[in-house]
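What follows is a set of notes on a single structure, which appears directly below.
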Amino acid sequence: LKMQVPLPLSLLSLQVIKCKAAVLWEANKPFSIEEIEVAPPKEHEVRIKIMATGICRSDDHVITGALAMPFPIILGHEAAGVVESVGQEVTLIKPGDKVIPLFVPQCGECKSCLNTKGNLCSKTDLGTTAGLMPDGTSRFTCKGKAIHHFLGTSTFTEYTVVHESAVAKIDSAAPLDKVCLIGCGFSTGYGAALQTAKVEPGSTCAVFGLGGVGLSVVMGCKAAGASRIIAVDINKDKFAKAKELGATDCINPKDFKKPIHEVVMEMTGQGVDYSFEVIGRVDTMTAALACCQHNYGVSVIVGVPPTKQNITFDPMLLFTGRSWKGSVFGGWKSKDAVPKLVADYMKKKFVLDPLITHTLPWTKINEGFDLLRTGK
């Protein structure tokens, strides 16, 4: 008796996928839409069909060289998609699941994962310039060349491969073109206020930079019950939306002869309880520190600092008691928090629509980056 045993579906689908991706061959050049090969997921890996991806300033920092990464590379780290296939040993995620890739993984075993106060898993590619999967290889090939990954996610492609520690399964009813923002921008800003700073009811806040992440900080401060939220940006076109999302005052540094931290000090008497730098510039980082209360003020760096730039500041700013903190991915433990944040969105605990200014077919990615650079 001869029996034909069908191969399990998971093995049938494990083949190379040819698809389109936006490849960045070198710095300061446009993206090139190329056909690439995406290898099958290896052990503990997941291959995802990307359905929606956001454009983030951190991607642009790689293009300009402000964030050093190896080329050629597939950028993108804020996305949502559907699992196409899984490698061996993957048990919690299956083909067809809706997921969000995580640029800050959660392995559950390293010091940061095991500490209740930590969220920056040691498996992250942030702060290294490897641009490869955890095993030191790439899953992308184009024109016979290996292409680097970005932050373990690489979402500017129709298909990507991520490690299972870098993916969160979410509500199957979630609209992927909205919740993709929970993969970076929204969570980063909202968490900086709620998780990192732990803004209290009745407190005063200042937010430097009103892009998508800065607006999410405003939303977090409002959700925490802040009584005053001072929004700071050199682009006054951003003020209406900031006020809609909870800002009580909007100020433009260009409208004043004196340094902006002095303006905030005068507006508040002694400075704000909490300040947030959400741009990634060293001058605004120091200004945000200087405008918070001299004894118990907390200033949080949310914007990605430029590579190889140092800050010079008067240590008396800290000696009197201020705290200066950094925040990556809003301080959330990613695998735990992302499904909950998606659930909160589905329960209408916060909005995402105001953060979405344009929706483009992804082949117009270069136009998308032009919109980002012009502050639109």
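Using the Cα atoms of the range 139-265 to build a convex hull, what is its mean projected area in square nanometres?
Averaging across all directions leaves 11.3 nm² for the Cα convex hull.
Send over the semi-axes of the chain's equivalent ellipsoid, whole angstrom and largest first, taken as the square roots of 5 times the C-alpha gyration tensor eigenvalues.
38, 21, 19
If you place +1 on the Cβ of every Lys and Arg, -1 on the Cβ of every Asp and Glu, and leave all else neutral, what size is the dipole of the range 252-334 about its Cα centre, to the nearest 20 Debye?
260 debye
Output wanted: per-residue J couplings in Hz (rounded whole) for the range 357-365, from phi through Karplus 6.51 cos²θ - 1.76 cosθ + 1.60, θ = phi - 60°, x for Gly and Pro.
Along the range 357-365, the couplings run 8, 9, 10, 10, x, 5, 5, 9, 4 Hz.
What is the extension gain from ILE234 to MET267, computed as 0.36 nm multiplied by their sequence separation minus the C-alpha to C-alpha distance, in nm to one decimal?
10.1 nm
Roughly what angle does helix 334-346 make with the longest principal axis of the chain, taking Cα atoms, 0 to 90 degrees, to the nearest 10?
The answer is roughly 80 degrees.
Please get the size of the charge dipole for the chain, origin at its Cα centre, with Cβ charges of +1 on Lys and Arg and -1 on Asp and Glu, quoted in debye to the nearest 20.
The dipole of the chain has a size of about 300 debye.
Going by Cα centres, the range 149-222 and the range 251-289 are how many Å apart?
About 24 Å separates the Cα centre of the range 149-222 from the one of the range 251-289.
Which is farthest toward the positive dipole end of the chain among VAL232, THR374, LEU341, measuring Cα position about the Cα centre, with Cβ charges +1 (Lys, Arg) and -1 (Asp, Glu)?
LEU341
Which value, in Å², gives the accessible area per residue of the chain when a 1.4 Å probe is used on the protein heavy atoms?
46 Å²
Over the chain, with every protein chain in place, what whole percent of the accessible area is carbon and sulfur at 1.4 Å, could you tell me?
55 percent
Stretched out fully, how many nm does the piece from THR357 to ARG281 gain, at 0.36 nm a residue minus the Cα gap?
Full extension from THR357 to ARG281 adds 25.0 nm.
Would you mind estimating how fast the range 186-330 diffuses translationally, via Stokes-Einstein at 25 °C and 0.890 mPa s with the Kirkwood radius over Cα pairs, in µm²/s?
It diffuses with D of about 169 µm²/s by this estimate.
Please list, or write none, the aspartates and glutamates whose alpha carbon is within less than 12 Å of the alpha carbon of LYS254, excluding same-chain residues fewer than 8 places away.
Partners within reach: ASP233.
If the only charges are +1 at each Lys and Arg Cβ and -1 at each Asp and Glu Cβ, what is the size of the charge dipole of the range 186-330 around the Cα centre, to the nearest 20 debye?
About 200 debye.
Nearest-5 percent of antiparallel DSSP beta bridges in the chain?
60 percent
Hand me the trypsin sites (Lys or Arg not before Pro) from the range 118-162 located in a DSSP loop with no more than 14 other Cβ atoms within 10 Å, in residue order please.
In loop regions of the range 118-162 (DSSP not H, G, I, E or B), the sparsely surrounded trypsin sites (Lys or Arg not before Pro) are LYS143.
Sorted by accessible area (1.4 Å probe), largest first, how do ARG228, ARG47 line up?
ARG228, ARG47
Can you compute 3J(HN,Hα) from phi for each residue in the range 109-115, using the Karplus curve 6.51 cos²θ - 1.76 cosθ + 1.60 with θ = phi - 60°, rounded to whole Hz and x for Gly and Pro?
Along the range 109-115, the couplings run 10, 7, 4, 5, 5, 7, 8 Hz.
The values are calculated or read from the model by the stated rules, or taken from the named source; none is laboratory data. These figures come from a predicted structure and were not determined experimentally. Here the Cβ is made from the backbone with ideal geometry for all residues, glycine too, and neighbour counts use every protein chain on show. Surface accessibility is based on the protein's heavy atoms, side chains included, excluding ligands, DNA and RNA. Shrake-Rupley method; radii C 1.70, N 1.55, O 1.52, S 1.80 Å.
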